[in-house]
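Q: Here you go, one structure.
Coordinate-derived values only; no laboratory data. Bear in mind the structure is a predicted one, so any value in this text is a computation, not a measurement. A quick note on method: Cβ atoms are made from the backbone with ideal geometry, for glycine too, and the neighbour counts reach across all protein chains shown.
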Amino acid sequence: DEGADVVVLAENLLPGLYFNAGNQLIKDKKISAAIPAFQEALKVAEQYKNSEFITKTKSMLPKLFNSVGGSYYKKENLDLAEQSLKKVRFYGIDGKESFIINPHPVVAGCITDYPDVVLKKQKGISMS
């Protein structure tokens, strides 16, 4: 069946095409635009049970979300929040962020899966 062969080929190639598009966007410094490409890569990989790209994409997405989240930690953005009398919480903190040591006064806290790591960093305890 030539038609069945084309379907199998597409199922194997599609996740990689989305994944590669995401990588190109990263190289072009378009991190926010890369996230939907990797999300689509994961969706298609799961749909076609492509374990290679499921693993690769699940590894990449948290890094991208962390990168984008860190980019919002800019003094100008936080000053605007403070002027608006708004508090800010950061999500997805893993303890590697430099800004958690001495956060801007408008930062009310962070949400993390690694509270012990974050607390140690905030207290200046070495993680090595």
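Q: When only C-alpha pairs under 8 Å and at least 6 residues apart count, what is the relative contact order of the chain, in percent?
A: 16 percent
Q: Right, next: What range in the chain is the longest one free of trypsin sites (Lys or Arg not before Pro) that are in a loop by DSSP and have at most 12 other Cβ atoms within 10 angstrom?
A: Segment 88-122 is the longest.
Q: I've got another one for you. Residues in the range 1-43 near a label at residue 63, defined as backbone nitrogen under 15 Å from the 7 Å Cα→Cβ point?
A: Hits in the range 1-43 for residue 63 at 15 Å: 19-32, 34-35, 38-39.
Q: When the Karplus curve 6.51 cos²θ - 1.76 cosθ + 1.60 is applied with θ = phi - 60°, which whole-Hz ³J(HN,Hα) does each residue of the range 104-120 get, with x for Gly and Pro?
A: 4, x, 6, 6, 8, x, 9, 10, 8, 8, 10, x, 5, 5, 5, 4, 5
Q: Across the range 37-52, in residue order, what do the Karplus-derived ³J(HN,Hα) couplings come to in whole Hz, using 6.51 cos²θ - 1.76 cosθ + 1.60 with θ = phi - 60° and x for Gly and Pro?
A: Using θ = phi - 60°, the values come out as 5, 5, 5, 5, 4, 5, 4, 5, 4, 5, 4, 9, 6, 8, 4, 4 Hz.
Q: Here's another thing I want to ask about it. Given springs between every Cα pair under 10 Å in a Gaussian network model of the chain, which of 23, 77, 12 has the largest fluctuation?
A: The residue with the greatest mean-square fluctuation here is 77.
Q: Select from the range 19-115 those chymotrypsin sites (Phe, Trp or Tyr not before Pro) which occupy a DSSP coil region and have at most 14 other Cβ atoms within 10 Å, ordered by residue number.
A: 72
Q: What do you get when you divide the Cα radius of gyration of the chain by 2.2 N^0.38 Å, with N the number of residues?
A: Normalised Rg, Cα atoms only: 1.40.
Q: Over 27 Å between Cα atoms: which of 74/96; 27/120; 27/123; 30/120 fall into that group?
A: As for pairs spanning more than 27 Å Cα to Cα, those are 27/120; 27/123; 30/120.
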